[in-house]
Amino acid sequence: MKSNSSSRRSFIKKTAASSAFIATAGILPQFSAKSYARILGANDRINVSMMGVNSRGKALAQNFASQKNSEVIHVCDVDSRAIANCLSVVKERQGRVPKSYTDFRKSLESKDVDAMVIAAPDHWHAPASLLAMEAGKHVYVEKPCSHNPNEGEILVQAAKKYGKVIQMGNQRRSWPNVVEGIKALKSGAIGRVYFGKGWYTNNRQSIGIGKEVEVPKWLDWDLWQGPAPRKNYKDNIVHYNWHWLWHWGTGEALNNGTHMIDLLRWGMQVDYPVKVSSNGGRYRYQDDWETPDTQVINLDFAEGLSMSWEGRSCNGKPIEGSAVGVMFYGESGSMLIPSGNSYTIFDLEGKIVKEVKNTQEIDPRNKSNPAELLDALHIQNMFDAILNGTALNADIDSGHKSTLLVQLGNIAQRSGRSLNIDPQNGHIIGDNEAQKLWSRSYEKGWEMKL
């Protein structure tokens, strides 16, 4: 890292506090993406390398490039088209063109890189995070933090071993009105909370039946697969449909359910469940899609409460007027946190007691960039942790726990039965078949271990 003088740290702290006031006061929307994102700044800049820049990664690259106290110096992707596209938008934001690499490991060799942002497919999240920390870099990893529970546990251990900041992309933990709502919930706004429900709805189309074809010239298919055992290229995998194939993806549960389960776990102040079940399947189309397009995960906790997540990938009818969201149910009322930076408290009769409205339009189905201005707060929280040791809003310990809950739901789904869970560590009890899904096999030479 570059030198951090006390005066520079003081400046960052003051500007961070100012931005928090701006956001909380509801002033945020009057700023453009460029003007707001560059309010925070100092002479100390964090040099960032972006890994995976086709969609969500490109949006993150734009956001990191817009922060005055950081610079995107490297762009890494196995798709040459994605690199070219990202270089263009990053130059527009920061005025300078980053270096580019097909292999992100080349970027990690550079002493100039302070942090790596990982937005590659799910099977890459944990292995790339580990390699980055081993190379002495801080990490911003998109959800889910891991493809399977074993990888998540390794990341928690690695963060302690290498002493690096690793922020997970549970951005709602930095959205001011959501933070306010969770604080009110914990203060007893609806009494003792005993049930929480989260959901995600969409109208995704069929992915069809893939054909084995020649790998496109713009794609390094071998490196795209990376740690996953090799499979032949098909024409319906890259760049999004891998989400629905267990070999690389984790289904809608981790693709979107992670965010909602994280909110529920945060608000209900629980860690590991005692029992997990899941029902659902691939119902809408007959194609290569393997993960459920319709799924309900139920989790029971020793604290005497339960939560559930409902995912409907192919029927977009909203719940409580929102495509995504959570509802907390308590002894004296309920609280809704919908897709945006807002919350509503109801009494037991369903009448509104308090409503804090969202002042920025958010599209929860925009998979690349639903809330850039709000997400900048999450980025700045990471920077403050790097420069000043400030607590992360979504550290890897918290991120792993929330990811694990939906992973357990998927394991229950694939096992065809409910699971008994150790509430001390989240491990599966007495089910050897289900335990086989705790980890995965790796391509030789790509094994993930400390």
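The values are calculated or read from the model by the stated rules, or taken from the named source; none is laboratory data. The model shown is predicted, which means the values in this text are computed figures rather than measured ones. Every residue, glycine as well, gets a Cβ built from its backbone with ideal geometry; the counts of neighbours run over all protein chains shown. The area values use the complete protein model at the heavy-atom level, side chains included, leaving out ligands, DNA and RNA. Shrake-Rupley method; radii C 1.70, N 1.55, O 1.52, S 1.80 Å.
Does ARG440 satisfy the criteria of being open to solvent by less than 60 Å² (accessible area, probe 1.4 Å) and in a loop (DSSP other than H, G, I, E, B)? Break it down stepwise before answering.
Details: open to solvent by less than 60 Å² (accessible area, probe 1.4 Å): yes; in a loop (DSSP other than H, G, I, E, B): yes.
Yes, satisfied.
Specify which of the listed residues (TYR240, TYR272) is of a type in the set (Ser, Thr, Tyr), within 30 Å of LEU131 (Cα to Cα) and under 18 Å from the mean Cα position of the chain (by Cα). Can you show your working first?
Numbers: TYR272 fails: under 18 Å from the mean Cα position of the chain (by Cα).
After applying the criteria, what remains is TYR240.
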Note on the range 391-419: residues in contact (Cβ under 8 Å) with a residue 60 or more places away in the chain and among the hydroxyl-bearing types (Ser, Thr, Tyr) are SER398, SER402, THR403, SER418
Candidates LYS160, LYS143 - the one that is modelled with pLDDT of 95 or more and surrounded by 24 or more Cβ atoms within 10 Å (Cβ to Cβ): LYS143
Some residue of the range 274-291 being closer than 25 Å to VAL141 by Cα, in contact with a strand residue (DSSP E or B) (Cβ under 7 Å, 6 or more places away or on another chain) and either open to solvent by 10 Å² or more (accessible area, probe 1.4 Å) or in contact (Cβ under 8 Å) with a residue 24 or more places away in the chain (or both): no
Exception for GLY316 within (1) in contact with a strand residue (DSSP E or B) (Cβ under 6 Å, 6 or more places away or on another chain); (2) surrounded by 17 or more Cβ atoms within 10 Å (Cβ to Cβ); (3) in contact (Cβ under 8 Å) with a residue 24 or more places away in the chain falls at (2)
Please work out if SER322 is surrounded by fewer than 16 Cβ atoms within 10 Å (Cβ to Cβ), at pLDDT 95 or above and of a type in the set (S, T, N, Q). no
Among the numbered conditions (1) part of a helix (DSSP H, G or I); (2) farther than 22 Å from GLY325 by Cβ; (3) among the small types (Gly, Ala, Ser), tell me where ALA184 comes up short. (2)
Show the residue pairs meeting these rules: Cβ distance below 7 Å; 6+ apart or different chains; first residue within the range 226-250 and modelled with pLDDT of 95 or more; second residue of a type in the set (Asp, Glu) and open to solvent by less than 20 Å² (accessible area, probe 1.4 Å). TRP248/ASP122; GLY249/ASP122; THR250/ASP122
